1. Of the residues in segment 184-205, how many are touching an Asp or Glu at 6+ places or on another chain (Cβ under 9 Å), in contact (Cβ under 8 Å) with a residue 24 or more places away in the chain and over 17 Å from Phe219 (Cα atoms)?
2. Go through (1) surrounded by fewer than 19 Cβ atoms within 10 Å (Cβ to Cβ); (2) of a type outside the set (S, T, N, Q); (3) touching a Gly at 6+ places or on another chain (Cβ under 7 Å); (4) under 29 Å from Leu46 (Cβ atoms) for Asp106 and report which single condition fails.
3. Within segment 51-65, track down each residue that is in contact with an Asp or Glu (Cβ under 8 Å, 6 or more places away or on another chain) and either at positive phi or polar (S, T, N, Q) (or both).
4. Scan Lys3, Lys66 and give me the residue that is farther than 23 Å from Tyr141 by Cβ and in a loop (DSSP other than H, G, I, E, B).
5. Determine whether segment 135-155 contains at least one residue that is small (Gly, Ala, Ser) and loosely packed, with under 12 Cβ neighbours inside 10 Å.
6. May I ask you to list the residues in segment 158-192 that are under 23 Å from Asn129 (Cβ atoms), of a type outside the set (Lys, Arg) and surrounded by fewer than 16 Cβ atoms within 10 Å (Cβ to Cβ)?
7. Report whether or not Asn115 is assigned to a strand (DSSP E or B), closer than 29 Å to Lys178 by Cβ and open to solvent by 50 Å² or more (accessible area, probe 1.4 Å).
8. Starting from segment 14-37, take each residue that is over 17 Å from Leu2 (Cβ atoms) and without any contact (Cβ under 8 Å) to a residue 24 or more places away in the chain and list its partners that are crowded, with 16+ Cβ neighbours inside 10 Å and not β-branched (Val, Ile, Thr), counting only C-beta distances under 6 angstrom and pairs at least six apart or across chains.
Amino acid sequence: DLKNSLDIEGQKIILDRSKNILTASDGIKINDLKNSLDIEGQKIILDRSKNIIYSESKTIVKDKYKNSFLSKKFKYKINKKTIELNDALIEDFENNKFEIKFAKVDLNNNKLSGNDIVINLNNKFMSPNNEPRLQGEKITYSNNITNILNGKFTTCKKREKCPPWELSADKITHDKKKKTISYQNVWLNIYDTPIVYFPKFFHPDPTVKRQSGFLMPSFKTSPNNDTFFSVPYFNAIS
């Protein structure tokens, strides 16, 4: 497709010239040469009149930054350079995994926005027993900063019941450059019960090996078998 700079490969391709719609099926690969996007799926439709690529089935999109987008339903508006995803699993170049109900990606400014989000953070420097994750109602991501509204954070192992502890806040900001997670109007919840309130709070994200500040909360047991909750502070001398 020279008009849209698209290279399309597939086992079966049908072009309806009256409607100017191309339907490709059975293992489709589309390379958007202009925007450096690779699109793969079982059935993908290209509406050449509206310059829209869409699919009602599982589709994988990969961008030039090595981010991967897997969705059950997607729409790519070529002229506007926007992608809409439903029930998507997104994995970025740092191996953070986003589970999101609806997402919109703006390729003009590399901005992501969406609803009903769970982010499983890279656990490279933490114990294998930890599963650090963020979740919330709304998300915006731009310039290495993620903002989540009505969000929660915990490092506890996933289970059917509520986690032993979590931080819930009106707004959570993850700054990848500073490697910090900060909170506004935050509660420390123990088994879903609010215990401590802070107007503002922050701690290093899971990728930090050494940095002064509060460490991840945890439950501990003393020699006399008493269980207590610990929020240690670490001071990096050098």
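1. The total comes to 1.
2. The one condition Asp106 does not meet is (3).
3. Thr59
4. Lys3
5. No - not one qualifying residue is present in segment 135-155.
6. Answer for segment 158-192, where residues must be under 23 Å from Asn129 (Cβ atoms), of a type outside the set (Lys, Arg) and surrounded by fewer than 16 Cβ atoms within 10 Å (Cβ to Cβ): Glu160, Cys162, Tyr191, Asp192.
7. Yes; evaluated as a whole, the condition is true for this residue.
8. Listed pairs, sorted by first residue: Ser25/Lys43; Ile28/Gly10; Ile28/Gly41; Lys29/Glu40.
The values are calculated or read from the model by the stated rules, or taken from the named source; none is laboratory data. Computed from a predicted model, the values in this text were never measured in an experiment. Ideal geometry is used to build each Cβ from the backbone, glycine not excepted, and the neighbour counts take in all protein chains shown. The protein model used for the area step is the full one, side chains on, heavy atoms only, and it has no ligands, DNA or RNA in it. Shrake-Rupley method; radii C 1.70, N 1.55, O 1.52, S 1.80 Å.
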